[in-house]
């Protein structure tokens, strides 16, 4: 029996705390399903000690109180009594306020909490943070804390889950906050796993048929997707017992080059529980859809563009490869397929091994991996998740930078940032960093 | 008795018999976290004898006898000097009783002497003494028909202070409030079936409040009270998308001086007839952008939005919000660098008597016409030097004060106008050497 490694999670700001709470709920519900003793054992070791190995941080108290209360009410799990830190006044949607003021002011208290959780683990699998990029605390304080943790734990993996806001605003300065967050995180994080509210919203409305979508609905979908990655599975490194190093293996599968760290998630099927009762899935069907979603950059299982195809396998040199590529074809650096459920051993994943899906300068055997688990996940008889390091986030990222740049050109709101210590120079540095990332992904 | 909770504690202290803060959760005696200033005794006197008198201890009220005679200079310079220490003292005491002071709400009118003159003096004082605490000012602007002849002077002199020292101003004009009151009373009196307004469920009735509407300005004042309630709702109560007061300035003020926000409130009333389906949510959003619901006369749809905040309370879901933003976006002209300039918040707790409500706060260039009119009225008097001697006779008031105030409001109008000029093509992006 190998010593299990634990994941310490850090929930920051309103979004991070809401998602974190849903995540632990899903994990707890899933682990307590039928016929899964070893699965539950592994999952419990990974995420819970006596209480969840989660740290909650926010600059105002209401969200954390709610999360803690809801968890306790569930009767199944709860947060540690002292595992939270909050203040009375938020960061005002101001990244500079979060990063330059609140972060440094409270760094000791937060580091203390994280250290306590880490010390409770036999071994640390990694630090998993959840935050939005649009606001002030998750984004600003979250980035600052990530920086501190990187310094304090240079050998630990840090996986940042970030939520990108709706394109048509939730916060007016969201694009500034996003640019500042992503440019900094790119230097600090091992991988950045992205969820977009627009995409998840569409999943709720079109696939799950939810009439009146609430923020809780959106968060539940995100939690479901995250749990499908983080729950126990058999991997290439650990084919006979559940992997003890999920985050490390995720990193080595997907992030081989430090210039490319943006990861996206697709999970199918996703539907309302009533529809689920009447649906039957087979692995070939699921995998075919996922593959097309990948190459057509479809973020959800509807409106997939089936005209997009991989370039023909026979090419004679770089140029023809480029020419034969469909203009909307999404090139991948690496993909990780996670299959859970009935008859998972019969699933044939060859479609993802096609070298034309990937950049030519990486060996295919390093580009694609599969994890499996025969246990049905979260009520779905079969569930397939694709974690992808590809161009699929390029367009949304470019949109964020474009809007932020246009706003910056007029210098609107910049005084709110300079007031707290972020200068125009800092903005320009961040823009430069992001243009670099965009360029890298564009020229794959 | 009731529970003293977070929501109450934002506006009230809970004190015991000795006047110290009570421990424990039950309400013993509530004291408003407020300082009330007036240079004549009538209004304050009424408060101290009225049904709300227990909310205020006499030290929180600062008054004098003779008033400011509708003279900004008297309010600002004479009384400012005389009462500075006392005011600082009282504010400091109130601040010390707060665990975390988020924001000052300053409420005054622009047209008179005390509210306008001493009020803006206090504003400057708050900036000096508490530079990190936000200052949100609710200002009642005089209309052209205002019976105080010198109200344009008072208002323009005050404007300069507001532009320089407030973080955010919510202008309100009496005419808009009168119109809203009229509209509600018309609905009440029509007596058409299905049009009966639920008793006490209007924005003017002080619903759930202690005081029954009696005096002429009560109805109008209740509207402004509702504005402040809605702005602070997300800070007081829980919700799935919170919005603190410091987020208001952050999102709605792109350039420091351009911080004048047009507010509109909906619904104005709840219908009593149970057969009438509850006002469709979408209608509520449309109403928020109709001129009839604005607290200031202005025309945002024919000017340019710099930013807009939607603060929702009650039974409204995310999808309702998203759908309506999509629907309204094409009809509202936004400045090119902020095409999606929406700030949104969802608070779970609705106002008393309603199932949901919406407050829209817009930073829109339409305010420049209000300022333009105000300036015209100022200039009409100033050109003839009418009544100037009353001001210049006051110690501390110089003629330069007038010209500076005039420049300030002119510059402000110019800044708003400038934002409307035809846009530059989108700035070219940074290019990276590959």
Residue count for the range B:107-139, restricted to those that are touching a residue at least 60 places away in the same chain (Cβ under 8 Å) and within 16 Å of residue B:261 (Cα to Cα): 4
Spans of helices (runs of 4 or more DSSP H) in the range B:1-119 with at least 2 residues surrounded by fewer than 12 Cβ atoms within 10 Å (Cβ to Cβ): B:42-49, B:80-96
Extreme residue, farthest from the other protein chains (Cβ to nearest Cβ), among residues of the range B:327-341 that are buried (at least 23 other Cβ atoms within 10 Å of the Cβ) and assigned to a helix (DSSP H, G or I): B:338
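Just to check your reading of the model, which residue among A:67, A:96 is assigned to a helix (DSSP H, G or I), under 23 Å from the mean Cα position of the chain (by Cα) and either within 14 Å of another protein chain (Cβ to nearest Cβ) or at pLDDT below 90 (or both)?
On the way: A:96 fails: under 23 Å from the mean Cα position of the chain (by Cα).
So the residue among A:67, A:96 that is assigned to a helix (DSSP H, G or I), under 23 Å from the mean Cα position of the chain (by Cα) and either within 14 Å of another protein chain (Cβ to nearest Cβ) or at pLDDT below 90 (or both) is A:67.
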Members of the range B:243-259 found to be facing another protein chain (nearest Cβ under 7 Å), buried (at least 21 other Cβ atoms within 10 Å of the Cβ) and not in a helix (DSSP H, G or I), listed by number: B:244, B:254
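Mind checking which residues of the range B:127-158 are in a helix (DSSP H, G or I) and surrounded by fewer than 21 Cβ atoms within 10 Å (Cβ to Cβ)?
Kept after step one, since they are in a helix (DSSP H, G or I), are these residues of the range B:127-158: B:127-129, B:151-158.
Within the range B:127-158, B:127, B:128, B:129 meet the criteria.
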Test: residue in the range B:217-237 that is over 30 Å from residue A:409 (Cα atoms), at pLDDT below 85, outside any strand (DSSP E or B) and within 14 Å of chain A (Cβ to nearest Cβ): yes
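Please determine whether any residue of the range A:149-170 is in a strand (DSSP E or B), closer than 23 Å to residue B:340 by Cβ, away from chain B (no Cβ under 14 Å) and free of Cβ contacts under 8 Å to residues at least 40 places away in the same chain. Can you show your working first?
Of the range A:149-170, the ones in a strand (DSSP E or B) are A:158-164.
Pick out the ones that are also closer than 23 Å to residue B:340 by Cβ and you get A:162-164.
Restricting the remaining residues to those that are away from chain B (no Cβ under 14 Å) gives A:162.
Pick out the ones that are also free of Cβ contacts under 8 Å to residues at least 40 places away in the same chain and you get A:162.
Yes; the residues of the range A:149-170 include at least one that is in a strand (DSSP E or B), closer than 23 Å to residue B:340 by Cβ, away from chain B (no Cβ under 14 Å) and free of Cβ contacts under 8 Å to residues at least 40 places away in the same chain.
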Any hit, the range A:24-36, residues being touching a residue at least 12 places away in the same chain (Cβ under 8 Å), in contact with a strand residue (DSSP E or B) (Cβ under 8 Å, 6 or more places away or on another chain) and within 14 Å of chain B (Cβ to nearest Cβ): no
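Residues of the range B:353-368 being within 27 Å of residue A:216 (Cα to Cα) and touching a helix residue (DSSP H, G or I) at 6+ places or on another chain (Cβ under 9 Å), which ones?
Initially, the range B:353-368 is screened for residues within 27 Å of residue A:216 (Cα to Cα), giving B:353-361.
Across the range B:353-368, the qualifying residues are B:356, B:357, B:358, B:359, B:360, B:361.
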The range A:167-184: number of residues that are touching a strand residue (DSSP E or B) at 6+ places or on another chain (Cβ under 9 Å) and surrounded by fewer than 23 Cβ atoms within 10 Å (Cβ to Cβ): 2
Residue in the range B:268-291 that is away from chain A (no Cβ under 13 Å), in a strand (DSSP E or B), crowded, with 18+ Cβ neighbours inside 10 Å and modelled with pLDDT of 90 or more present: no
Residue A:8 vs. criteria under 22 Å from the mean Cα position of the chain (by Cα), away from chain B (no Cβ under 14 Å), modelled with pLDDT of 90 or more and not in a helix (DSSP H, G or I): yes
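Residue-wise test of (1) within 14 Å of chain A (Cβ to nearest Cβ); (2) assigned to a helix (DSSP H, G or I); (3) at pLDDT 95 or above.
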position: B:321; (1), (2), (3): yes, yes, no
position: B:325; (1), (2), (3): yes, yes, no
position: B:343; (1), (2), (3): yes, no, no
position: B:352; (1), (2), (3): no, no, no
position: B:395; (1), (2), (3): no, no, no
position: B:407; (1), (2), (3): no, yes, yes
position: B:411; (1), (2), (3): no, yes, yes
position: B:428; (1), (2), (3): yes, no, no
position: B:433; (1), (2), (3): yes, no, no
Qualifying positions in the range B:295-319 - facing chain A (nearest Cβ under 9 Å) and assigned to a helix (DSSP H, G or I): B:318, B:319
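Restricting to the range A:89-121, give me the number of residues that are on the phi < 0 side of the Ramachandran plot and out of contact with any strand residue (DSSP E or B) (no Cβ under 7 Å at 6 or more places or on another chain).
Of the residues in the range A:89-121, the ones on the phi < 0 side of the Ramachandran plot are A:89-91, A:94-121.
Adding the requirement that they be out of contact with any strand residue (DSSP E or B) (no Cβ under 7 Å at 6 or more places or on another chain) leaves A:89-91, A:94-105, A:107-108, A:111-112, A:115-116, A:119-120.
Matching residues across the range A:89-121 total 23.
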Every residue from the range A:250-289 that is touching a helix residue (DSSP H, G or I) at 6+ places or on another chain (Cβ under 6 Å) and surrounded by fewer than 13 Cβ atoms within 10 Å (Cβ to Cβ): A:259
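Within the range A:122-159, how many residues are out of contact with any strand residue (DSSP E or B) (no Cβ under 8 Å at 6 or more places or on another chain) and surrounded by fewer than 17 Cβ atoms within 10 Å (Cβ to Cβ)? Outline the logic, then answer.
Taking the range A:122-159 as the starting set, the residues that turn out to be out of contact with any strand residue (DSSP E or B) (no Cβ under 8 Å at 6 or more places or on another chain) are A:135-136, A:140, A:143-144, A:147-148, A:151-152, A:154-155.
Then drop every residue that is not surrounded by fewer than 17 Cβ atoms within 10 Å (Cβ to Cβ), which leaves A:151-152, A:154-155.
Residues that pass the stated criteria total 4.
The values are calculated or read from the model by the stated rules, or taken from the named source; none is laboratory data. The structure presented is a predicted model; accordingly, all values stated were derived computationally and were not measured. A quick note on method: Cβ atoms are made from the backbone with ideal geometry, for glycine too, and the neighbour counts reach across all protein chains shown.
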